[in-house]
Structures are given as structure tokens and as C-alpha cells.
């Protein structure tokens with residue numbers, strides 16, 4: 001799993017990174033109405049100079065406080081994933 005996470009970050013955003021810890025596995029069948037999706041969330045340490053590559057078209061840095069205050073709306077259960085990562 002760790003190898004796949006690091007590879008995807010490198011391929012999608014050209015980020016050199018290291019995994020600090022695996023946070024949780026999110027597998028509630030109702031988290032995505034389209035199909036059953038399982039996500040493994042990891043806390044990473046990465047360079048701060050992402051560059052979109054591969055099929056990633058763009059990225060945006062978002063302040064944690066804007067997520068906590070709902071100024072930024074995230075899809076599905078992604079807000080919970082971010083908040084769990086802060087614990």
C-alpha cells in the first residue's frame with residue numbers, strides 16, 4: 001500500500017514524499033452513491049512544489065480552517081478524512 005501511495009503522489013503531482021502514518025480505512029458502503037469505494041487515508045510529509053502530471057489536471061491548496069468551518073465543501077466523506085488526519 002505504501003508503495004502505491006508514494007507512486008501515485010509522484011505520478012500525479014510530482015511530489016517527493018514519505019508516509020508518516022496510515023490514518024484509517026474508509027469503507028462505509030454509502031460513502032459514495034455511485035459504487036462501493038474503499039479509501040485508505042495516509043498522513044504524508046511532502047515537498048511543497050506540486051506540479052500536475054499524468055491525468056491530474058489541477059490542484060489547490062486549502063486551509064484546514066476553511067474545511068473545518070465549511071467554507072470549502074469537499075465531496076463524500078473527505079472532510080471527515082481530513083479531520084481524522086488531524087487527530
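Values quoted throughout were computed directly from the atomic coordinates according to the rules given, and no laboratory measurement underlies them. Since the model is a prediction, treat every value here as computed from it, not as a measurement. Positions of Cβ are generated from backbone atoms using ideal geometry, with glycine treated the same way; all protein chains shown enter the neighbour counts.
Note that the chain, at 4 °C in a medium of 1.567 mPa s, gets a Stokes-Einstein diffusion coefficient of 91 µm²/s from its Kirkwood radius over C-alpha pairs. Among 42, 47, sorting on how many other beta-carbon atoms sit within 10 Å of each Cβ, with the fewest leading, yields 47, 42.
Each Cα pair under 8 Å and six or more residues apart adds its sequence gap; the mean of these over the residue count of the chain is a relative contact order of 27 percent.
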